[in-house]
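Colleague: One structure, as structure tokens, below. Some questions next.
FYI, it's all coordinate maths here, none of it is from the lab. Note that the structure is predicted; figures quoted are calculated from it, not measured. Here the Cβ positions follow ideal geometry from the backbone for every residue, glycine too, while neighbour counts run over all protein chains shown.
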Amino acid sequence: MMDIVSAPLSRLPRDVEELLAAGDGLIVVAAGTNCGLTRSRLWRLEKAGLVVRLARGVYVAREDVEDVSSWKAFALRSRAFTIACGPHACAAGWSAVAVRGLPTIGAPPEKPLVAVPSDEGTDTNSRHGDVRAVTLPPEHRTVVDGCMILTDARLTIDLARTECREEALVVADAVLALGTSREELRGVLDMERGWAGTRDARWVVEHADPYSESALETLGRLAFLERDLPVPISNAWVDLGADRFRPDHLLDDRWLAFEGDGDLKYNDRLDAARVIRDQREREWRLREYGLEVVRYGWSDARRDRGRLAERFRAVIAARPPRDRPCPWYRENRTYRQVA
């Protein structure tokens, strides 16, 4: 392909856009060269501000890292660094979480993290990312968007060993909901027996809940766990005649429902008024049925769970257990229906 040097570059050429699409947002120099994209042409695209080099030999469209959330930009950087580190490299830690698109509750780290089998490399650091040589069986690796990453089970256990409990539990809930089994998590724990942090990881495995549907719900449930309160049932269906509702958390013996009030329900929604109206109607119906509804928000669940737990404790103390628990079920399998 002939490089055109005379015309000023104001947008990405069509063939470059096609290469980016084929690479799930990334251009790898080796692959691009095979398709006619020379290094000199890439250099001119970079100089024109149309592409950005994320790692050695890996580029992305500038707008794809500037006009996205911090976690999406981190996912691109993590994929680029992993690919640049060679065929044995595997996105690890928060890099694997970002590439996988799992929920998070904090900001991404400064640099991507890559793992390589201990017999294929050594620990190294660079401005683009860090590499750690670890025990890495083939069954702990998978591919997402053309990038080798740790499996959900392996990345969950590694995070549960090394990161704070709340962040690890959010990820653990999500991977169980996506189909990873608790037995798979325990299998990784057995492999990492004796490694630092495995006791913390075991707590996360045993308390993770596949029925939790958001980070807010996970943090709300954690308030119960941390203060030895009765642990509620997550997202069980409650029938109210012709309608059915699914509270975020349910203490069925006390007829108590707890609802996480996330801003995403209302932010930037043209139908916010309808959502709020439906929510109020739902709560009236639940109360008429006999359930008391308690709402909580992100700020307490994320930053002041001790205060939130004491509020939960006061509500629970005021609602002693009843002789007849609230009937509930999950889809077609009845877990507690009371005649």
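Colleague: Mind sorting ASP158, ASP228 by how few other Cβ atoms lie within 10 Å of their own Cβ, fewest first?
Modeller: ASP228, ASP158
Colleague: While we're here: So for VAL238, VAL170, fewest C-beta neighbours within 10 Å to most, what's the order?
Modeller: So the residues, fewest neighbours to most, are VAL238, VAL170.
Colleague: Additional query: Quick check for me: using +1 on Lys/Arg Cβ and -1 on Asp/Glu Cβ, what's the dipole size of the chain about its Cα centre, in debye to the nearest 20?
Modeller: Here the size comes out at about 380 debye.
Colleague: Could you put ILE83, ILE233 in order, starting from the residue whose Cβ has the fewest other Cβ atoms within 10 Å? Present the calculation step by step, with values, prior to reporting the outcome.
Modeller: Numbers: ILE83 25, ILE233 20.
The fewest-first ordering by Cβ neighbours comes to ILE233, ILE83.
Colleague: Still on this structure, please answer the following. Given the options ALA75, ALA172, ALA317, which has the most mean-square fluctuation in a GNM of the chain, springs set between C-alpha atoms less than 10 angstrom apart?
Modeller: ALA317
Colleague: Based on DSSP loop calls and a cut-off of at most 15 other Cβ atoms within 10 Å, the longest stretch of the chain free of exposed GluC sites (Glu not before Pro) is what? Don't jump to the answer; show the numbers that get you there.
Modeller: Details: sites that count: GLU110, GLU120, GLU331.
Between exposed loop sites, the widest span is 121-330.
Colleague: Can you pull the one-decimal nm distance between simple spin-label points at VAL68 and ASN125, each 7 Å off the Cα toward Cβ?
Modeller: So the two model labels end up 2.7 nm from each other.
Colleague: For ARG287 and VAL231, what is the calculated FRET efficiency with R₀ set at 25 Å and r taken between the beta-carbons, to the nearest 0.05?
Modeller: With a Förster radius of 25 Å, E is 0.60.
Colleague: Using 0.36 nm per residue, how much length does the chain from THR38 to ALA314 gain when fully extended, once their Cα-Cα distance is taken away?
Modeller: Details: separation 276, 0.36 × 276 = 99.36 nm, distance 6.78 nm.
That works out to 92.6 nm of additional length.
Colleague: Run through every distinct alpha carbon pair of the chain and return the Kirkwood hydrodynamic radius in angstroms, one decimal place.
Modeller: Result for the chain, one decimal place: 22.9 Å.
Colleague: I want to verify a result. In a Gaussian network model of the chain, Cα cutoff 10 Å, which of these has the top mean-square fluctuation: PHE81, PHE245, PHE312?
Modeller: Per the Cα network of the chain with a 10 Å cutoff, PHE245 tops the list.
Colleague: Additional query: When only C-alpha pairs under 8 Å and at least 6 residues apart count, what is the relative contact order of the chain, in percent?
Modeller: 10 percent
Colleague: Can you give the log10 of the normalised intensity I(q)/I(0) at q = 0.11, 0.13 Å⁻¹, computed with Debye over equal Cα scatterers of segment 70-207?
Modeller: Debye curve over Cα of segment 70-207, log10 I(q)/I(0) at q = 0.11, 0.13 Å⁻¹: -0.34, -0.49.
Colleague: Then there is this: Choose one answer from ILE316, ILE105, ILE276: the residue with the largest mean-square fluctuation in a GNM of the chain with alpha-carbon springs under 10 Å.
Modeller: The residue with the greatest mean-square fluctuation here is ILE276.
Colleague: How many percent of DSSP beta bridges within the chain run antiparallel, rounded to 5? Each step should come with its number before you reach the end.
Modeller: Numbers: 27 of 39 bridges.
About 70 percent, rounded to the nearest 5.
Colleague: Picking from LEU222, SER212, ASN235, whose Cα lies most toward the positive end of the charge dipole for the chain (charges on Cβ: Lys, Arg +1; Asp, Glu -1)?
Modeller: With unit charges placed on the Cβ atoms, the residue in question is LEU222.
Colleague: Cα atoms only: what Rg and Dmax, in Å, come out for segment 14-66?
Modeller: Just the Cα atoms of segment 14-66 yield Rg and Dmax of 9.7, 28 Å.
Colleague: Still on this model: Return the distance in nm (one decimal) between the two label points of a simple spin-label model at SER118 and CYS164, each offset 7 Å from Cα along Cα→Cβ.
Modeller: So the two model labels end up 3.1 nm from each other.
Colleague: If you don't mind, there's one more thing I want to ask. Just in segment 19-85: which trypsin sites (Lys or Arg not before Pro) are loop by DSSP and have at most 15 other Cβ atoms within 10 Å?
Modeller: Answer in residue order: ARG56.
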